[in-house]
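The values are calculated or read from the model by the stated rules, or taken from the named source; none is laboratory data. Note that the coordinates shown come from a computational prediction; the quantities given were computed from them, not determined experimentally. Surface accessibility is based on the protein's heavy atoms, side chains included, excluding ligands, DNA and RNA. Shrake-Rupley method; radii C 1.70, N 1.55, O 1.52, S 1.80 Å.
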Amino acid sequence: LAEIIERETARALKQREGEEELKRAEAKRVAVAAERDAAIKERDALELRKERVAASLERDHDELVAVLDGLDDALGAIERLGDAASPAELARAEELRDRRRAAASRTASLESKIASGRVLPEEDERALRELEDR
């Protein structure tokens with residue numbers, strides 16, 4: 001009788017250990033799935049943010065191109081006056097050239113960012129690359 005009890009106890013213990021191992025494996029699987037889902041959500045949020053920033057940069061670029069066109073037109077009008085331009089018009093032309101240089105520099109900077117695709121802050125870009133590598 002003691003032997004039967006011992007065998008049954010061992011069998012019950014082994015069964016309980018198996019069930020506990022299954023519970024641990026299931027808990028681990030759930031944790032991994034939750035971590036994966038969180039990483040996917042974070043990646044999607046960063047990608048959406050990147051698309052929005054890129055679209056905003058494109059709009060800024062288009063606005064700057066329009067500003068450059070307007071500055072070019074204004075400068076062209078003053079330059080067509082030639083020697084007939086007054087000192088005030090010449091001073092205005094210099095101001096317009098300065099504004100044009102600044103707008104052209106900003107346009108070049110935007111074009112560079114847009115072309116490279118690196119529109120997010122470095123930390124966010126790094127996080128996005130790490131999430132995509134998972």
Quick check on the chain: helices-only [θ] at 222 nm, where DSSP H runs of length 4 and up contribute -39,500 (n - 2.57) each and the sum goes over total residues. Nearest 500, please.
-33500 deg cm²/dmol
Rel. contact order, % - alpha carbon contacts under 8 angstrom, at least six apart, the range 1-133:
35
Result for the chain: accessible area per residue, probe 1.4 angstrom, in square angstrom, of 76
Pop out the carbon and sulfur fraction of the accessible area of the chain as a percent, whole number, probe 1.4 Å.
53
Near residue 41, which aspartates and glutamates are there with a Cα under 16 Å away, not counting those fewer than 8 places off in the same chain?
51, 124, 125, 130, 132, 133
Measuring from the lowest to the highest alpha carbon on each principal axis, how far does the chain reach, largest first, in angstroms?
123, 19, 17
Rounded to 10°, Cα long-axis angle of helix 87-116 versus longest principal axis of the chain:
20
